[in-house]
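Taking it in order: structure first as structure tokens, then the write-up.
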Amino acid sequence: MLSALKKLKQSLTKTRDTIFGQIGSLLKGRKLDDDLIDEIEEILLKADVGISATEKIIDNLRKKASENKISDADGVINILRDEISKILSAKRREIFAENSPTPLVWLIAGVNGTGKTTTVGKLAHYFKKQNKKVMIAACDTFRAAAVEQLAIWAERSGVDFVKAQTGADPASIAYDAAVAAKSRGIDILLIDTAGRLHTKTNLMKELEKIRRVTEKVIPAEQIFSRLVIDGTTGQNAISQVKIFIEAIGCDSLIITKLDGTAKGGVMIAIAEELSVPVDFIGLGESIEDLEPFDANNYAEALFNA
Ligand SMILES: Nc1nc2c(ncn2[C@@H]2O[C@H](COP(=O)(O)OP(=O)(O)OP(=O)(O)O)[C@@H](O)[C@H]2O)c(=O)[nH]1
Ligand SMILES: [Mg+2]
């Protein structure tokens, strides 16, 4: 099996080859002057790093250059990698508190097609491997095929599965699942919800209701909202997600589809501009393609194959 870093490097090939790797070739035989710094800035902006994070990185690069702290191309890359790693790690925190009471409930939300159901399947597998007792609840009663899709994931990872008929009230399924999770001694209950646009007030209210109802069974401190973001949408994802977070709150983010996209730089913009940490990243469509997010590894994979 590939190590986490190796797999990340493989997944980020396109982001690295088409964008961040270019900085290396740009530096060859050049002096680090204002023109070169401007060119690096342009590459970062094109790489979906976002204005705010780019400014931060470039300001630090300028500062180090003026202090004559950079002697060669490797020096520049090292500084960029360190700055990026710093931004990425600023808001990281542990997912599991020690001796935390169970069941934990993860409410998986996000706009349409971002990878929620797939992520629930991968997370179930991930926690099962850690010997946790996992339950999945299918609260997407919107799309006819959604429950079936999730049932397949649950079967693959061999975890408990709670579903209801299409058209049933999602909150009532969440309630039933919470009761079942509590009585069966489940460690983590993953609730898959229907994709929704942040602008659809009634759907946002439905999410609030799912949470409220779950809180009748399980203490609020054990319930977490996880927002799933499609990494291939780049900068567009950020403004959309900001509104989402304001409306329903969010404890952490899961960024999917970072494999095969050149937009992997968006992780830096997300860390800089959104006030919530990223705890997992999606690197493919299969069950093993989910990694806990590691800032240092990510920064390393952006520059080195
Ligand atoms: N390459 C890649 N594809 C992914 C990843 N995560 C999900 N997908 C694909 O994205 C598509 C949508 O995934 P779903 O899990 O159905 O998305 P969803 O958010 O549940 O969709 P709705 O419930 O319709 O809102 C599927 O084809 C998945 O295989 C990922 O990390 N990498
Ligand atoms: Mg889904």
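Here are the numbers for the structure shown:
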| item | result |
| --- | --- |
| Which numbered condition residue 153 misses (of (1) part of a strand (DSSP E or B); (2) within 16 Å of ligand 1 (Cβ to nearest atom)) | (1) |
| Residues located in the stretch 133-188, provided they are surrounded by fewer than 18 Cβ atoms within 10 Å (Cβ to Cβ) and in contact with an Asp or Glu (Cβ under 6 Å, 6 or more places away or on another chain) | 133 |
| Qualifying positions in the stretch 245-269 - closer than 13 Å to residue 88 by Cβ and either more than 15 Å from ligand 1 (Cβ to nearest atom) or free of Cβ contacts under 8 Å to residues at least 60 places away in the same chain (or both) | 253, 255, 265, 268, 269 |
| Output for the stretch 22-35, where each listed residue is in contact with a helix residue (DSSP H, G or I) (Cβ under 7 Å, 6 or more places away or on another chain) and either of a type outside the set (Lys, Arg) or in contact (Cβ under 8 Å) with a residue 60 or more places away in the chain (or both) | 22, 23, 24, 26, 27, 32 |
| Looking only at the stretch 256-303, and only at residues there that are in a strand (DSSP E or B) and among the aliphatic types (A, V, I, L, M), the one that is nearest to ligand 2 (Cβ to nearest atom) | 290 |
| Single match in 85, 25 (criterion: loosely packed, with under 14 Cβ neighbours inside 10 Å, among the small types (Gly, Ala, Ser) and assigned to a helix (DSSP H, G or I)) | 25 |
| Test: residue in the stretch 93-104 that is of a type in the set (Ser, Thr, Tyr), out of contact with any His (no Cβ under 8 Å at 6 or more places or on another chain), buried (at least 19 other Cβ atoms within 10 Å of the Cβ) and touching a residue at least 60 places away in the same chain (Cβ under 8 Å) | no |
| Condition check for residue 68: assigned to a loop (DSSP other than H, G, I, E, B) and free of Cβ contacts under 8 Å to residues at least 12 places away in the same chain | yes |
| Test result for residue 36, surrounded by 15 or more Cβ atoms within 10 Å (Cβ to Cβ) and more than 24 Å from residue 89 (Cα to Cα) | yes |
| Some residue of the stretch 106-125 being without any contact (Cβ under 8 Å) to a residue 24 or more places away in the chain and either aliphatic (A, V, I, L, M) or crowded, with 16+ Cβ neighbours inside 10 Å (or both) | no |
| Any hit, the stretch 83-102, residues being away from ligand 1 (no atom under 16 Å from the Cβ), under 25 Å from residue 195 (Cβ atoms) and at pLDDT 95 or above | no |
| Residues within the stretch 165-219 that are within 16 Å of ligand 1 (Cβ to nearest atom) and of a type in the set (Val, Ile, Thr), tallied | 6 |
| Subset of the stretch 228-244 [without any contact (Cβ under 8 Å) to a residue 12 or more places away in the chain and farther than 18 Å from residue 204 by Cβ] | 236 |
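Residue-by-condition table, conditions (1) within 16 Å of ligand 2 (Cβ to nearest atom); (2) more than 21 Å from the chain's Cα centre (by Cα); (3) of a type in the set (D, E, K, R):
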position: 79; (1), (2), (3): no, yes, no
position: 85; (1), (2), (3): no, no, no
position: 101; (1), (2), (3): no, yes, no
position: 111; (1), (2), (3): yes, no, no
position: 115; (1), (2), (3): yes, no, no
position: 122; (1), (2), (3): yes, no, yes
position: 147; (1), (2), (3): yes, yes, no
position: 158; (1), (2), (3): no, yes, no
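The values are calculated or read from the model by the stated rules, or taken from the named source; none is laboratory data. None of the values given here were measured: they were computed from a predicted structure. A quick note on method: Cβ atoms are made from the backbone with ideal geometry, for glycine too, and the neighbour counts reach across all protein chains shown.
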